[in-house]
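The values are calculated or read from the model by the stated rules, or taken from the named source; none is laboratory data. Computed from a predicted structure; not experimentally measured. Cβ coordinates were reconstructed from backbone atoms using ideal geometry, including for glycine residues, and neighbour counts include every protein chain displayed. Surface areas here come from the heavy atoms of the whole protein model, side chains and all, with no ligands, DNA or RNA. Shrake-Rupley method; radii C 1.70, N 1.55, O 1.52, S 1.80 Å.
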Amino acid sequence: MKKILIVDDEADIRQLLKDALELEGYETITAENGMEVFAALGSLPDLILLDINLPDMDGYQVCRAI
């Protein structure tokens, strides 16, 4: 099963994406800020849906760090 990491600081958006993707058969992991992304990378997601406007570091910084 493919695993998708959803990164967004808005809980409603995270939940909407999580519900939709799980209905399609994907496993999902969520993170609400940049620092949580690095902890979630240990689960080896196949895809990351990354919001640009995060509270602690923007999505571009997270992407460059990955």
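Scoring MET1 on the criteria (1) in a loop (DSSP other than H, G, I, E, B); (2) open to solvent by less than 80 Å² (accessible area, probe 1.4 Å) leaves a single failure, condition (2). Each residue in the range 26-42 was checked for being open to solvent by 40 Å² or more (accessible area, probe 1.4 Å) and among the small types (Gly, Ala, Ser), and 2 pass.
Regarding the range 54-62, can at least one residue be identified that is in contact with a strand residue (DSSP E or B) (Cβ under 8 Å, 6 or more places away or on another chain), open to solvent by 60 Å² or more (accessible area, probe 1.4 Å), on the phi < 0 side of the Ramachandran plot and of a type outside the set (Ser, Thr, Tyr)? There is no residue in the range 54-62 that is in contact with a strand residue (DSSP E or B) (Cβ under 8 Å, 6 or more places away or on another chain), open to solvent by 60 Å² or more (accessible area, probe 1.4 Å), on the phi < 0 side of the Ramachandran plot and of a type outside the set (Ser, Thr, Tyr).
Looking across the range 14-60, the residues that are of a type in the set (Val, Ile, Thr) and either part of a strand (DSSP E or B) or touching an Asp or Glu at 6+ places or on another chain (Cβ under 8 Å) (or both) come down to THR28, ILE29, THR30, ILE48, ILE52.
Screening LYS18 on (1) in contact with a strand residue (DSSP E or B) (Cβ under 7 Å, 6 or more places away or on another chain); (2) at pLDDT 95 or above; (3) exposed (fewer than 13 other Cβ atoms within 10 Å of the Cβ) shows it passes everything except condition (3).
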